[in-house]
1. For a quick check of your reading of the filter: which GluC sites (Glu not before Pro) in the stretch C:15-121 sit in a DSSP loop and have no more than 14 other Cβ atoms within 10 Å?
2. Report, to the nearest 10°, how far helix B:48-60 tilts away from the longest principal axis of the Cα atoms in chain B, using its own Cα long axis and a range of 0 to 90°.
3. Given 5 Å bins starting at zero, what is the percent of C-alpha pairs of the stretch A:352-401 in each, up to the one with the largest pair distance?
4. Regarding the stretch B:148-264, what's the average projected area of the Cα-atom convex hull, expressed in nm²?
5. Excluding residues fewer than 8 places away in the same chain, name every one of the aspartates and glutamates whose C-alpha is closer than 12 Å to that of A:Lys155.
6. Would you mind putting A:491-498, B:403-410, B:25-32 in packing order, based on average other-beta-carbon counts within 10 Å, highest first?
7. Suppose only helical runs count, i.e. DSSP H with n ≥ 4. What mean residue ellipticity at 222 nm does that imply for the protein assembly as shown under -39500 (n - 2.57) per run, divided by all residues and rounded to the nearest 500 deg cm²/dmol?
8. Which is farthest toward the positive dipole end of the stretch A:107-360 among A:Gly129, A:His119, A:Leu233, measuring Cα position about the Cα centre, with Cβ charges +1 (Lys, Arg) and -1 (Asp, Glu)?
Amino acid sequence: MSMNNQGRPTGIGTAGTGASGSALLPDEPLLFEIGDTEHSGVDLPEVTLTNDRLGGFGRNTRLDLAGLTEPEAMRHYVRLSRLNHSIDSGMYPLGSCTMKHNPRLNEKMARLPGFADIHPLQPVSTVQGALELMNQLSYWLMTLTNTAAVALSPKAGAHGELLGMMAIKAAQEAKGETHRRIVLVPESAHGTNPATAAFLGYSVKPIPARDDGTVDVQAVKDALSPDVAAIMLTNPNTCGLFEPQVIEIAQAVHDAGAFFYCDGANFNAIMGVVRPGDLGIDAMHINLHKTFSTPHGGGGPGAGPVVLSEALAPFAPVPFVRKGQDGLELVEHVEGKALGRVTAFHGQMGMYVRALTYMLSHGADGLAQAAEDAVLNANYVKARLEHAFSVPFPDYPTMHEALFDDSFLKGTDVSTLDFAKALIDEGFHPMTMYFPLVVHGAMLIEPTESESKQTLDRFCDVMAELATDAKSGNSARFTAAPMKAPRRRLDETRAARQPILKWERPADVPQAAE
Amino acid sequence: MRYLPHSAHERAEMLGVIGAADIEALFSAVPKSALKSFRLDLPDHSPEFMVEAHMRALANKNQAGGDGPFFVGAGAYRHHVPATVDHLIQRSEWLTAYTPYQPEISQGTLQMLFEFQTQVAKITGMDVANASLYDGSTGTAEAVLMARRLTRRSKIVLSGGLHPHYRDVVKAYLKDDADLVCLSPSPEGQGDILEHIDGNTAAIVIQTPDFYGHLRDLKGAAEAAHAQGALLIVVVTEVVSLGLLEAPGALGADIVVAEGQSIGNALNFGGPYLGLMATRKEFIRQMPGRVCGETVDADGNRGFVLTLSTREQHIRREKATSNICTNSGLCALAFSIHMGLLGEAGFVRLARLNHANAIRLADALDGVPGVTLLNQTFFNEMTIRVTQPAAGLVERLARRGILAGVPASRLLPEDPEVNNLLILAATELTTEADIAALCTALTEELA
Amino acid sequence: MTTKFTPDHEYIRVEGSTGTVGITSYAQEQLGDIVFVELPEVGKVLKKGDEAAVVESVKAASEIYAPVSGTVTAVNDALNGEPGMVNADPEAGGWMFKIEVSEPGELDKLLDADGYAELTV
């Protein structure tokens, strides 16, 4: 069997006396336990349908949806919200996730009726401002990356990655190179990379990492062959390191007739400082929610525009904006070799507005400063913690995130997971754990440029104190953690073995009469 | 720069702790030729009021839905969003939270997703739903792939009434696939999809109300599909219709995909939107996307976690059910709050109001010389045939301040037969005055 | 009756020409709580090393490879309802599938109990 035990363990921890909740954080029942099918928080005129046009397809079954009046709804969702950690309430040192500050101007702009209340299919002459915005965003993205084209429409990073790889496939098929069936993926890559390659029918060939955490140009050369379609390389990579041989790797890949897909998840570390186009990339997605601060929203929506090199530009998907005789045009239908469509309409307009607002606020100078501050902060955390923790790849300065491994916990009863959960009781979100997979017990910390020195110092003090405590054998603090959160550790085994995925009406609680 | 906390003094101090001479030293792994070796042709940072002025100028060049009579639909609908919804989703703890991978400090998001999944399962009449996908179009492509995994068959038949963008997305996902059958557009009604089902068919995909507004017979389709061992995928682009139409699950659907934008989410020029997906209990392990489940914590208290995550890309890598790694969390929240405010009573009332306004619109259009209504059935959207190309007509009406609908040719430029077809939607926001203004203008333009 | 092992932590217990396959106690311990087992179809013809089943723990999915070539003759349906049997009783109640061995010679190349034990020290 493939002994895939790399995922993080999920022990429920030992029992403790920590009380979950507090006076200000009462447990909140489910919507269905508060509301019923008669209550509603929306006043609408009642109409009687005398001559409906439903052709006999009308509803005979009940919906059984619970409703709340406005004050009840307000309280339900405010109470629930208070059970969440958020950037606005505390630091998220989550490596590879880039939890930076979300400026509220972005939210305000996205809600202007001229952006929020326009329909994707109303006449193009009535949405010239929206097209201009897409054009401006495209210009910023192409300028910051020094690339020839950009496809804005992908809904998220993984979607952009899919589209970029589709463009590569289309370009090679157009050249009749259908034999190129292999995609090279370094072991440290995000899980989406092999998933995307496999989805498009490629076989994935892993490239081992060097001892210093970077990709060896020789290993790439050895793996290249006429059957290789592309390499998918994250740069800066998932260990937080800039690939020092990236230009040589790009050269070797191009010499073999293959393309260089760059996973741009970590573009925030180099925006305004390094242009990926200068490194030889052919396609790269940019997570607007990471680099350009569109809110994570508890898991989306994201946006994943893809920049493309000259060679791939003709294979960009529709829609895209271009200049026409009467102003801007929206090209919505495939002409020539273009790829087709990966989503309905024009992509994540609401995210475009926020991202452009962020760019204009920062300007070229501010973006570069933000990237430099992100790198400064990560190196500061690394410098402050390298004595208490163990650094697996000390050879290079780190970029936007600091990577530690769990060897400092050897001989203790504390696991990496336990250690991370103890951070919760100190008011911090845990760091990324057990990723990247190439490092045993990885702990990946990304402070982002948004954290002040004061916050970083407090975080480092807490980390160092926890490390000392773990090494001194005080394991209870860790194995029982968290004790001060709204919930203690949750039983994930139970959730997965007998999935309960929705609320079921208890047998003794009847629906209201219609 | 207002978003960056460090002073120059603090930066120098931090470099000192690191032991680096300057910031460039931290970028030493970057090849010299690539590090700041350029001058960007971009402006420098800007105060908030100037950025706001720039963005407002762009926004003002667009004609917003509220500026005049509005009948545009075709997969995105202009509905009222209660003020409470937008207030709540801007709360820090919702807006700026990460994906709930640390359940102890994410119970708000997780419980909301559990409630959301329950709502989606209930309105579709299915056993289970996921925590959302990007949108209805990509959800449809995911459903098609899921049906192939479930049946281990390959043929997929897309109804001629499926939204053309949805069809195109499926085509892109299944590039060059000989087993994908896309039936030609069927603006007149039911089409002949049932004749295309055979023993190699994984699924048929039927949208109802369809792209032209017609309501489709799901029960007959489910029976025909199941008789051959195929699955029925039902696509709903106007989720409000489920308040009035029978639940697809009650009619035999195997997978239901819907665009959830209509509830809680603004038009936003096409995104972000909200993909809903629901299915039968026995299919959950092939369902893509995040799923939230109930469990207990170490003290025995009820709590929620993301579960069944081994299907996802970050664990299965190249063996994942999909490469998806995000959902539409905040859009799902907006949907869930709005649906929670509506409740059954409100949702049904909203659907009735939409249908009633659509009937008024249909009856009024029927009286305009040169207009032929194609629909026998509809929910809140319908197709008319006019005596001239619809695209030009819509353009002229827009100049008169009326956004009259979507010319079918905008989505089907390759099909000259749809040139004179115009698709119009009414919602609860459509007034008598809007309808009168449209009909007057139409009468004049078509004369 | 003999039991043989693969370096990938599958066991095969051979009776006559039929082998019963599962994962070792060591393997289940490494994986943690098993929450789902995807079993092969009866009648499936496998070559040695083919992916035959998948076990999922909460955070990982691992493929189970066919230790020898042959045809699947039975699967342990009880695991559908109680995947935890793989943890509780891996080498008896937690078996996964039975295989009609087509190349008995392949059995000789597998590890015996001592050889496997050495591997997992």
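1. C:Glu41
2. Long axis of B:48-60 versus the principal axis of chain B: about 20 degrees.
3. The distribution over the stretch A:352-401 is 5, 19, 20, 16, 13, 10, 9, 7, 1, given as percents.
4. With the hull built on Cα positions only, its mean projection is 7.1 nm².
5. Partners found: B:Asp135.
6. Ranked by mean Cβ neighbours within 10 Å, highest first: B:403-410, A:491-498, B:25-32.
7. For the protein assembly as shown, the value works out to -10000 deg cm²/dmol.
8. The Cα lying farthest towards the positive end belongs to A:His119.
Read-outs: derived from the displayed coordinates by stated rules, not from any lab. Please read these numbers as outputs of a predicted model, since none were measured by experiment. Neighbour counts are summed over all protein chains in view; Cβ atoms, including those assigned to glycine, are modelled from backbone coordinates with ideal geometry.
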